[in-house]
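The values are calculated or read from the model by the stated rules, or taken from the named source; none is laboratory data. Only a predicted model underlies this, so the values are computations on that prediction, with no experimental measurement involved. Positions of Cβ are generated from backbone atoms using ideal geometry, with glycine treated the same way; all protein chains shown enter the neighbour counts.
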Amino acid sequence: MTANLSDSPTVSVVIPVKDDAEMLRRCLRALSVQTRTADEVIVVDNASTDESGQVAADADAIVVRCDALGIPAASAEGYDRATGEIILRLDADCVPDDTWIHTMQQAFQADPGAAAFTGGARFVDGPRILRAPLATAYLGAYAVIGFAALGHIPLFGSNMGFRRAAWRSVRLLAHRTSGIHDDFDLAFHLGEHYRIRRVPLAPMGMSMRALRDASGFARRVRRGFVTVLMHWPHDFPPVRWERRALRRMISRRTGRGRIE
């Protein structure tokens with residue numbers, strides 16, 4: 001897939017997937033009609049047993065095989081392979097609005113000092129009357145808990161982006177083991193050194209299936225606690241703020257920034 005704005009930063013879109021062929025087909029279709037298409041779409045096939053890999057290949061996406069199970073390993077593999085100056089991430093069950101890539105790319109251009117941006121989401125299935133309130137409650141709780149744990153805005157894996165230079169600087173620190181939230185873990189590492197901003201005008205359509213299965217929802221909550229506990233007390237917000245303040249002071253004195 002080629003970009004249609006030659007003067008804009010190059011953009012890679014990364015999608016981790018495991019046994020989600022039909023959802024992936026819908027997601028790739030939405031990406032193909034963006035007002036600003038991606039320079040490359042990388043689908044990381046996390047040892048799928050269905051046709052996910054073939055669906056990605058049929059859509060002219062770059063297919064990367066990752067046999068290390070878990071979204072953290074699959075996502076990181078996709079980020080490592082990305083060549084775009086901006087890396088955007090969404091999940092296979094997502095349906096981006098047709099201006100999503102353009103809106104995210106514009107956010108990076110408008111704020112050169114920010115290394116990462118994250119957006120919200122809306123449910124595209126489930127009982128229509130419950131979609132808006134459940135999305136607000138789900139994402140609101142995540143934002144509040146995430147801010148308390150991080151001391152800054154959390155990243156939302158279904159709708160986020162970051163500069164490839166920033167990823168390269170933290171890639172060896174990012175955990176690639178299963179059983180954690182990779183977006184939350186990445187927010188710890190990026191937020192330690194860079195600014196994370198929110199893009200309110202870039203909502204993401206996504207499936208409500210995360211809320212349908214009680215055991216699955218409980219697993220997500222457990223992964224969140226595990227992700228926080230593996231970073232605390234070293235990354236307790238006041239401790240991180242102090243480290244970041246010291247780095248800013250050194251950066252001002254030396255005139256050197258972190259993003260190149």
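When you go through 141, 82, 114 one by one, which is the residue that is without any contact (Cβ under 8 Å) to a residue 60 or more places away in the chain and either more than 19 Å from residue 13 (Cα to Cα) or small (Gly, Ala, Ser) (or both)? Before you say what the answer is, go through the steps one by one.
Values: 82 fails: without any contact (Cβ under 8 Å) to a residue 60 or more places away in the chain; 114 fails: without any contact (Cβ under 8 Å) to a residue 60 or more places away in the chain.
Just one listed residue meets the conditions, 141.
Working only within region 149-171, note down all residues that are closer than 17 Å to residue 236 by Cα, out of contact with any Lys or Arg (no Cβ under 7 Å at 6 or more places or on another chain) and either modelled with pLDDT under 95 or not aliphatic (A, V, I, L, M) (or both).
152, 154
Only residues that are assigned to a loop (DSSP other than H, G, I, E, B), among the charged types (D, E, K, R) and farther than 10 Å from residue 101 by Cβ: list them for region 7-38, please.
Our first condition is that a residue be assigned to a loop (DSSP other than H, G, I, E, B); within region 7-38, this holds for 7-10, 18-20, 33-38.
Those still in the list that are among the charged types (D, E, K, R) too: 7, 18-20, 36.
Hits for region 7-38 are 7, 18, 19, 20.
For the condition modelled with pLDDT under 90, under 21 Å from residue 78 (Cβ atoms) and either among the basic types (Lys, Arg) or outside any strand (DSSP E or B) (or both), what is the one hit in 245, 202, 174, 187?
Details: 245 fails: under 21 Å from residue 78 (Cβ atoms); 174 fails: modelled with pLDDT under 90; 187 fails: modelled with pLDDT under 90.
Of the residues listed, the single one that is modelled with pLDDT under 90, under 21 Å from residue 78 (Cβ atoms) and either among the basic types (Lys, Arg) or outside any strand (DSSP E or B) (or both) is 202.
For region 65-88, state whether one or more residues are more than 19 Å from the chain's Cα centre (by Cα), of a type in the set (Ser, Thr, Tyr) and modelled with pLDDT of 95 or more.
The answer is no, given that none of the residues of region 65-88 is more than 19 Å from the chain's Cα centre (by Cα), of a type in the set (Ser, Thr, Tyr) and modelled with pLDDT of 95 or more.
In region 173-196, is there at least one residue being in contact (Cβ under 8 Å) with a residue 12 or more places away in the chain, exposed (fewer than 14 other Cβ atoms within 10 Å of the Cβ) and within 30 Å of residue 10 (Cβ to Cβ)?
The answer is yes, given that some residue of region 173-196 is in contact (Cβ under 8 Å) with a residue 12 or more places away in the chain, exposed (fewer than 14 other Cβ atoms within 10 Å of the Cβ) and within 30 Å of residue 10 (Cβ to Cβ).
Would you say residue 235 is in a helix (DSSP H, G or I) and acidic (Asp, Glu)?
Here the answer is no, as residue 235 does not meet what is asked.
Is it the case, given these coordinates, that residue 237 is surrounded by 13 or more Cβ atoms within 10 Å (Cβ to Cβ), touching a residue at least 24 places away in the same chain (Cβ under 8 Å) and more than 18 Å from the chain's Cα centre (by Cα)? Show your work before the answer.
Details: surrounded by 13 or more Cβ atoms within 10 Å (Cβ to Cβ): yes; touching a residue at least 24 places away in the same chain (Cβ under 8 Å): yes; more than 18 Å from the chain's Cα centre (by Cα): yes.
So residue 237 fits the description; yes.
For the subset of region 39-65 comprising residues that are in a loop (DSSP other than H, G, I, E, B) and touching a residue at least 40 places away in the same chain (Cβ under 8 Å), which member is surrounded by the fewest Cβ atoms within 10 Å (Cβ to Cβ)? Reasoning before the result, please.
Our first condition is that a residue be in a loop (DSSP other than H, G, I, E, B); within region 39-65, this holds for 39, 46-51, 59-61.
Going one step further and asking which of them are touching a residue at least 40 places away in the same chain (Cβ under 8 Å), we end up with 39, 60-61.
Values: 39: 19, 60: 12, 61: 22.
Within region 39-65, the match that is surrounded by the fewest Cβ atoms within 10 Å (Cβ to Cβ) is 60.
If I filter region 137-150 down to residues being surrounded by fewer than 18 Cβ atoms within 10 Å (Cβ to Cβ) and small (Gly, Ala, Ser), which single residue comes out as nearest to the chain's Cα centre (by Cα)?
143
Being of a type in the set (Lys, Arg) and under 10 Å from residue 206 (Cα atoms) is the filter here, so list the residues in region 120-146 that pass it.
Filtering region 120-146 for residues of a type in the set (Lys, Arg) gives 122, 128, 131.
Answer for region 120-146, where residues must be of a type in the set (Lys, Arg) and under 10 Å from residue 206 (Cα atoms): just 122.
Please go through (1) small (Gly, Ala, Ser); (2) part of a helix (DSSP H, G or I); (3) under 25 Å from residue 68 (Cβ atoms); (4) in contact (Cβ under 8 Å) with a residue 40 or more places away in the chain for residue 216 and return the number of the only condition it doesn't satisfy.
(4)
Return the pair list, or none, for Cβ contacts closer than 8 Å from residues in region 90-106 that are in a helix (DSSP H, G or I) to residues that are surrounded by fewer than 24 Cβ atoms within 10 Å (Cβ to Cβ) and of a type in the set (S, T, N, Q), at least 6 apart or on different chains.
Pairs found: 100/34; 101/34; 101/35; 101/37; 102/34; 102/35; 105/8.
Looking at this structure, is residue 113 surrounded by fewer than 17 Cβ atoms within 10 Å (Cβ to Cβ) and at pLDDT below 95?
Working: surrounded by fewer than 17 Cβ atoms within 10 Å (Cβ to Cβ): yes; at pLDDT below 95: yes.
Judged against the criteria, residue 113 is a match.
Which of the residues that make up region 82-96 are among the charged types (D, E, K, R) and touching a Cys at 6+ places or on another chain (Cβ under 9 Å)?
91, 93
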